[in-house]
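Data first, discussion second: the structure below is written as structure tokens.
Just so you know, all these numbers are worked out from the coordinates, no wet-lab data involved. These numbers were taken from a predicted model, which means no experiment stands behind them. Cβ coordinates were reconstructed from backbone atoms using ideal geometry, including for glycine residues, and neighbour counts include every protein chain displayed.
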Amino acid sequence: MASRNTRILEAAARLIARRGVRGLRVEELAAEAGVSTGLIYYHFKDRTGILRHTLEFINDRAERYTTLRAPDEPPVPREELGRILLLELQDTAEVRENSAAWGELRASAVFDPALREDLARATLVWVREVTALLGEVSPTAPAAKLAAAAERLTALLEGLSMRWLSGGLAIDRARTLMEDGIEAELSGLEPR
């Protein structure tokens with residue numbers, strides 16, 4: 001059962017990345033996943049259910065590829081912050097697909113209030129995770145400054161990712177700009 005759901009969600013992420021949310025057709029999704037349309041409706045109820053579960057799936061997948069670290073390697077907060085953010089800018093099929101699907105879901109949320117709420121929640125979780133990492137790096141920084149820095153860093157990452165994916169920016173340049181952004185935010189958190 002879980003493997004079927006995973007196949008469906010992988011296929012949904014792939015199709016959304018390629019064709020956008022508006023281009024997602026349940027019949028095509030069923031063919032891509034190798035299941036019946038009835039099975040998709042059974043597990044996900046409707047198109048909104050498919051989109052919500054796909055958003056959760058790409059968030060979970062991103063968390064997996066950004067938190068890979070050797071188990072015996074103790075985390076160093078500054079390195080962990082940079083590593084997690086920069087792993088979103090990898091030239092791998094999985095990261096490309098995830099980032100493209102995220103961008104498509106975000107763009108569609110402009111016109112879909114239900115999707116907008118789900119994306120706002122997912123973004124809030126992400127910002128809180130980055131805020132916590134920033135707090136480990138700069139424990140004396142005020143909470144409001146940490147949260148604002150996290151919002152800027154996640155927004156920067158999304159923008160750099162979209163420019164990279166659309167060919168407007170080389171991945172090495174995107175990574176350098178992200179590193180510069182991290183350094184700028186960290187220096188802004190230091191006491192003066």
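Remark on segment 79-192: hydrodynamic radius 14.8 angstrom, per the Kirkwood mean of 1/r across alpha carbon pairs. Over the residues of the chain, the helix contribution to mean residue ellipticity at 222 nm works out to -25500 deg cm²/dmol, using -39500 (n - 2.57) for each DSSP H run of at least 4.
Counted over all Cα-Cα pairs of segment 77-138, pairs farther apart than 17 Å make up 53 percent.
Each principal axis of the Cα cloud of segment 41-94 was taken in turn, and the coordinate range along them, longest first, works out to 44, 23, 17 Å. The chymotrypsin sites (Phe, Trp or Tyr not before Pro) of segment 97-183 that meet both conditions, a loop assignment by DSSP and at most 10 other Cβ atoms within 10 Å of the site Cβ, are 111.
Taken as Cα centroids, segment 12-45 and segment 75-148 sit 26 Å apart, rounded to the nearest whole angstrom. Computed from phi, the 3J(HN,Hα) profile of segment 110-116 under the Karplus parametrisation 6.51, -1.76, 1.60 (θ = phi - 60°) reads 4, 10, 10, x, 5, 5, 4 Hz, with x in place of Gly and Pro. Between residue 151 and residue 56, the simple spin-label model (points 7 angstrom out along Cα→Cβ) gives 2.8 nm. Mean sequence separation of contacting Cα pairs (under 8 Å, at least six apart), scaled by the length of the chain, corresponds to a relative contact order of 22 percent. With the dipole of the chain worked out from charges on the C-beta (+1 for Lys and Arg, -1 for Asp and Glu) around the Cα centre, which of 54, 108, 187 lies farthest toward the positive end? After comparing all options, I get 108.
Cα-based values for the chain, radius of gyration first and Dmax second, are 17.9, 62 Å.
Remark on segment 16-113: hydrodynamic radius 15.2 angstrom, per the Kirkwood mean of 1/r across alpha carbon pairs.
With the simple model of a label 7 Å out from the Cα in the direction of the Cβ, residue 111 to residue 171 spans 3.2 nm. Extension gain, residue 143 to residue 76, is 22.1 nm, computed as 0.36 nm per intervening residue step minus the present C-alpha separation.
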